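For reference, the structure is listed below as structure tokens.
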Amino acid sequence: MFEANGILFIYVETPLHAGTGRGLSGVELPIQRERVTGYPIVQASSLKGRLRAEARGKTRDSPTDEERSQGWLSTAEFEAIFGPETERASEHAGALSPGDAKILLFPVRSLVGVFAWTTSTDVLARFLRDVEIAGLRPEWSLPTEPDRGEALVSGGELLAGDKVVLEEFTFSHRQDDAVATIGQWLADNALPQGDEYNYWRKALPKRLVLLHRDVFRDFTLFPTEVVTRVRLEPETKTVAEGALWTEEHLPVDTLLYAPLMATPTRSRNGVKLSGAQVLAKVNGLGISRTVLGGDETVGRGVVALRFVQGGAR
């Protein structure tokens with residue numbers, strides 16, 4: 001069983017394509033989604049591989065005291081936490097177990113205020129369940145779910161007259177103080193902590209919109225960013241045969257979260273860490289930004305990370 005739990009918040013800074021290969025719809029390279037709900041996700045294997053790659057860059061056989069103070073790992077610690085290399089994978093499993101990164105806030109174009117962060121009671125209820133497992137207890141509860149044509153807001157920041165207009169859809173508004181409370185908690189606990197996020201932390205409670213679960217699901221299915229890409233023939237500068245395709249991306253300002261779970265280390269190399277120590281080592285790496293998904297060479301997939309360690313189990 002897992003001994004310690006935490007939550008990794010993932011804020012999308014450039015469009016993110018965590019793909020599934022060829023799709024059957026009009027988008028040839030769709031993003032990863034849950035089979036039942038259709039919500040966007042980033043699969044746990046992708047997340048663990050990225051954390052492993054980041055940790056490898058801060059690993060050496062015998063880190064100096066200065067390097068230790070900066071979160072560097074020894075090779076033995078690295079293998080105990082993330083597992084040995086592929087050719088020795090049968091020796092033992094790593095102690096760190098991320099879950100899938102799930103949707104929490106999805107940005108949608110707004111007639112007033114440029115864009116709104118949208119969510120639903122369905123998504124928030126899942127989030128409360130996951131953070132409870134991690135030993136975290138937000139000081140807010142779920143508001144009553146709005147009707148399909150209604151949007152719960154905290155104030156007038158997004159109002160066009162007395163309506164909320166998202167994409168081409170118009171919603172009546174209902175003010176609910178719970179929306180501001182949830183938005184403030186997320187601003188304080190989920191958004192990145194750097195000074196460059198001061199503006200966004202102030203904006204989130206004012207621009208948060210809670211929608212009916214079906215409406216939110218549809219927004220996560222259809223207003224994603226779809227990019228057409230080509231490969232040109234070097235000589236003629238025309239599109240190469242078969243080299244025209246479309247890719248789906250999660251838009252900038254999406255907020256995801258992933259459970260991080262840990263067991264005591266299993267390796268026989270002398271490294272003995274509890275689950276809580278494993279998570280503390282991962283947090284101590286100081287990974288504030290990384291790249292997830294594909295298209296890294298064209299600037300896609302840059303995300304900001306915030307780690308919150310929970311209680312022991």
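Using amide H atoms built 1.01 Å from N in the peptide plane, name the residues 5+ places from R33, or on other chains, whose amide H lies under 5 Å from its own.
Long-range HN contacts for R33: I41.
I want to make sure I understand the PRE zone here: with the label point 7 angstrom from the Cα of A44 toward its beta carbon, which residues in the stretch 256-281 have backbone N atoms less than 14 Å away?
Counting backbone N atoms under 14 Å from the label point, the list is 258-263.
Output the Kirkwood hydrodynamic radius of the stretch 90-139, Cα pairs only, in Å rounded to one decimal.
Values: mean 1/r = 0.0724 Å⁻¹.
Every distinct Cα pair counted, the radius reaches 13.8 Å.
With no solvent and one equal point scatterer placed on each C-alpha of the stretch 233-313, evaluate the Debye formula and give log10 I(q)/I(0) for q = 0.16, 0.20, 0.26 Å⁻¹, two decimals.
-0.82, -1.03, -1.26
Calculate the spin-label point distance for D176 paired with V114, positioning each point 7 Å from the Cα along the beta-carbon direction, and give it in nanometres.
Here the answer is 2.7 nm between the modelled labels.
Go through P223, A304, P251 and say which Cα lies farthest out towards the positive end of the charge dipole of the stretch 197-313; charges sit on Cβ, +1 for Lys and Arg, -1 for Asp and Glu.
A304
Suppose R0 equals 45 Å. What FRET efficiency, 1/(1 + (r/R0)^6) with r the Cβ-Cβ distance, do M1 and D162 give to the nearest 0.05?
Details: r = 52 Å, r/R0 = 1.15.
Rounded to the nearest 0.05, the efficiency is 0.30.
Can you order the peptides 266-276, 211-221 by their average number of other Cβ atoms within 10 Å per residue, highest first? Write down the numbers at each step before the final one.
Working: 266-276: 15.9, 211-221: 19.0.
Top to bottom by mean Cβ count within 10 Å: 211-221, 266-276.
Measure off, as a whole percent, the carbon and sulfur share of the 1.4 Å-probe accessible area of the stretch 176-313, all protein chains present. Display every interim value, and only then the final one.
Details: 3310 of 6630 Å².
C and S fraction of accessible area: 50 percent.
Can you order the peptides 181-190, 64-73 by their average number of other Cβ atoms within 10 Å per residue, highest first? Don't jump to the answer; show the numbers that get you there.
Working: 181-190: 19.4, 64-73: 13.6.
For the peptides 181-190, 64-73, the packing ranking is 181-190, 64-73.
Per DSSP H run of n ≥ 4, the term is -39500 (n - 2.57); total these for the chain, divide by its residue number, and report the mean residue ellipticity at 222 nm rounded to 500 deg cm²/dmol.
Numbers: 8 runs with 81 residues, N = 313.
Result for the chain: -7500 deg cm²/dmol, rounded to the nearest 500.
At what distance in nm do the modelled label points of V230 and N198 sit from each other, each positioned 7 Å from its Cα along Cα→Cβ?
Result: 4.5 nm between the two label points.
Report, in degrees rounded to the nearest 10, the 0 to 90 angle that the Cα long axis of helix 177-189 makes with the longest principal axis of the chain.
30
Considering the zone a paramagnetic label at H92 would reach in this model (a point 7 Å from Cα along the Cα-to-Cβ line), which residues of the stretch 256-297 have amide N under 16 Å from it?
Hits in the stretch 256-297 for H92 at 16 Å: 262-279.
May I ask you to give the average projected area over all directions of the convex hull of the Cα atoms of the chain, in nm² rounded to one decimal?
Details: hull surface 78.4 nm².
Result: 19.6 nm².
Per residue of the stretch 96-102, what does 6.51 cos²θ - 1.76 cosθ + 1.60 with θ = phi - 60° give for ³J(HN,Hα)? Whole Hz please, x for Gly and Pro, Karplus curve as stated.
8, 9, x, x, 4, 7, 9
Let me check the size of the stretch 121-259 from its C-alpha atoms; what are the radius of gyration and Dmax in Å?
Looking at the stretch 121-259, its Cα Rg and Dmax stand at 19.3, 62 Å.
Just want to confirm a number: the relative contact order over the chain, from Cα pairs under 8 angstrom separated by 6+ residues, in percent.
Normalised by residue count, the contact order of the chain is 36 percent.
With a point put 7 Å past each Cα toward its Cβ, work out how far E296 is from R35 in nm, to one decimal.
My value for the distance between the label points is 3.0 nm.
At a temperature of 20 °C and a viscosity of 1.002 mPa s, determine how fast the stretch 212-276 diffuses translationally according to Stokes-Einstein, using the Kirkwood radius over alpha-carbon pairs as Rh; express D in µm²/s, rounded to the nearest whole number.
Details: Rh = 17.2 Å.
The diffusion coefficient I find is 124 µm²/s.
In what sequence, largest accessible area first, do H173, H17 appear using a 1.4 Å probe?
Details: H173 65, H17 20 Å².
Highest to lowest solvent-accessible surface, that is H173, H17.
Kindly provide log₁₀ I(q)/I(0) values, in the same order as q = 0.11, 0.12 Å⁻¹, from the Debye equation applied to equal alpha-carbon scatterers of the stretch 1-86.
Once normalised to I(0) and log-transformed, intensities are -0.49, -0.56.
In whole Hz and in residue order, list the ³J(HN,Hα) couplings for the stretch 215-224 that follow from phi through the Karplus curve 6.51 cos²θ - 1.76 cosθ + 1.60, θ = phi - 60°; x for Gly and Pro.
Values, residue by residue: 5, 4, 4, 5, 5, 6, 8, 10, x, 6 Hz.
Might you tell me the accessible area per residue for the chain, computed with a 1.4 Å probe and given in Å²? Working shown, then result.
On the way: 14790 Å² over 313 residues.
That works out to 47 Å² per residue.
Considering only G83, H17, M1, whose Cα is most displaced toward the positive end of the charge dipole of the stretch 1-118, charges sitting on Cβ of Lys, Arg (+1) and Asp, Glu (-1)?
Positive-most Cα among the choices belongs to H17.
The values are calculated or read from the model by the stated rules, or taken from the named source; none is laboratory data. All of these numbers come straight from a predicted model, not from anything done at the bench. For neighbour counting, all protein chains shown are included, and Cβ atoms are generated from backbone atoms with ideal geometry for every residue, glycine included. Calculation scope for accessible area: heavy atoms of the full protein, side chains included, ligands and nucleic acids excluded. Shrake-Rupley method; radii C 1.70, N 1.55, O 1.52, S 1.80 Å.
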